[in-house]
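Chemist: Below is the structure I would like to discuss, written out as structure tokens.
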């Protein structure tokens, strides 16, 4: 595919793609993937650990001007749903941990980092960064719960077919963009979507169930005593039950 470009090593595919966008008019769907990131970026300023030539590390650019600024979380939902659609072909028990971590059971399999450039009241472009643990079996960082596809299915996988499948699912959902359908599917796929679980906010730990996710990314919970509470990214943590 002509818009897929490989670099052996880079500080971060998101950083590299931002630099390229500043210097070039890149076509929609332009994608960079690499064997190794020196300073891979994750949510909340975290780094993303990945062993050389073991995992999928890539970023792509979209120009989602049809998406309203106050509904920009739709891009994150779309990419998360596309990831799960691919991974469901390999294993069961894949979920999306709000806002956009990819989980297998209670372990983190992948992550998504979306950085938007805004122009007035519109999204000028989105840089979509994805990390997926494929063949790595040892993790050296202090990340609490990493897992790879090799751990799950017990064999090594070719990375390029995975990349092409994820890309195809993203492009298909994006080209036939239906916000309501994506939001419904995303909600169905959520980690801990059923029943009451432990959550943390500030110094407080409480029991609640997921009630709704809104187009701006806000998560609404219903507590065990019937109170409704809403949170944005970084305001809430999932506590081990």
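Chemist: Mind checking which residues of segment 128-142 are surrounded by 14 or more Cβ atoms within 10 Å (Cβ to Cβ) and over 12 Å from the mean Cα position of the chain (by Cα)?
Modeler: 133, 134, 135, 136, 139
Chemist: Restricting to segment 35-77, give me the number of residues that are within 14 Å of residue 123 (Cβ to Cβ), in a strand (DSSP E or B) and modelled with pLDDT of 95 or more.
Modeler: Adding up the residues that qualify gives 2.
Chemist: While we're on this one: Go through segment 1-34 and give me each residue that's under 19 Å from the mean Cα position of the chain (by Cα), more than 20 Å from residue 118 (Cβ to Cβ) and not in a loop (DSSP other than H, G, I, E, B).
Modeler: Those that are under 19 Å from the mean Cα position of the chain (by Cα), more than 20 Å from residue 118 (Cβ to Cβ) and not in a loop (DSSP other than H, G, I, E, B): 13, 16, 31, 32, 33, 34.
Chemist: Do you know which residues across segment 115-156 are more than 19 Å from residue 85 (Cα to Cα) and in a strand (DSSP E or B)?
Modeler: Scanning segment 115-156 gives 115, 116, 117, 118, 119, 122, 123, 124, 125, 126, 127, 146.
Chemist: Select, from 152, 184, the only residue that is in contact (Cβ under 8 Å) with a residue 40 or more places away in the chain and closer than 18 Å to residue 96 by Cα. Explain how you work it out, then say what you get.
Modeler: Numbers: 184 fails: in contact (Cβ under 8 Å) with a residue 40 or more places away in the chain.
From the options 152, 184, the qualifying one is 152.
Chemist: Could I ask something else about it? Among the residues of segment 78-97 satisfying the criterion of being touching a helix residue (DSSP H, G or I) at 6+ places or on another chain (Cβ under 9 Å) and part of a loop (DSSP other than H, G, I, E, B), which is farthest from residue 163 (Cα to Cα)?
Modeler: Filtering segment 78-97 for residues that are touching a helix residue (DSSP H, G or I) at 6+ places or on another chain (Cβ under 9 Å) and part of a loop (DSSP other than H, G, I, E, B), the one farthest from residue 163 (Cα to Cα) comes out as 93.
Chemist: Now a separate question. May I ask you to say which residue of 203, 225, 175 is under 20 Å from the mean Cα position of the chain (by Cα), exposed (fewer than 12 other Cβ atoms within 10 Å of the Cβ) and free of Cβ contacts under 8 Å to residues at least 60 places away in the same chain? Don't jump to the end; show me each part of the working.
Modeler: On the way: 203 fails: under 20 Å from the mean Cα position of the chain (by Cα); 225 fails: under 20 Å from the mean Cα position of the chain (by Cα).
None of the other options fit; the residue is 175.
Chemist: Being modelled with pLDDT of 95 or more, out of contact with any strand residue (DSSP E or B) (no Cβ under 7 Å at 6 or more places or on another chain) and either in the same structural domain as residue 60 (by TED's automatic domain parsing) or more than 24 Å from residue 69 (Cα to Cα) (or both): is that true of residue 167 here? If you could, list the steps in order and put the result at the bottom.
Modeler: Details: modelled with pLDDT of 95 or more: yes; out of contact with any strand residue (DSSP E or B) (no Cβ under 7 Å at 6 or more places or on another chain): no; either in the same structural domain as residue 60 (by TED's automatic domain parsing) or more than 24 Å from residue 69 (Cα to Cα) (or both): yes.
Taking the combined requirement at face value, the residue does not satisfy it.
Chemist: Another one. Considering only residues that are more than 30 Å from residue 68 (Cα to Cα) and either modelled with pLDDT under 95 or part of a loop (DSSP other than H, G, I, E, B) (or both), which ones fall in segment 190-226?
Modeler: Of everything in segment 190-226, those that are more than 30 Å from residue 68 (Cα to Cα) and either modelled with pLDDT under 95 or part of a loop (DSSP other than H, G, I, E, B) (or both) turn out to be 195, 196, 202, 203, 224, 225, 226.
Chemist: Could you pull out the residue among 106, 142 that is without any contact (Cβ under 8 Å) to a residue 40 or more places away in the chain, closer than 21 Å to residue 234 by Cα and out of contact with any strand residue (DSSP E or B) (no Cβ under 9 Å at 6 or more places or on another chain)? Full working, then the answer.
Modeler: Values: 106 fails: without any contact (Cβ under 8 Å) to a residue 40 or more places away in the chain.
Result of the check over 106, 142: 142.
The values are calculated or read from the model by the stated rules, or taken from the named source; none is laboratory data. Quick caveat: nothing in here was measured; it's all calculated off a predicted structure. Using ideal geometry, Cβ is built from the backbone for each residue, glycine included, and neighbour counts are taken over all protein chains shown.
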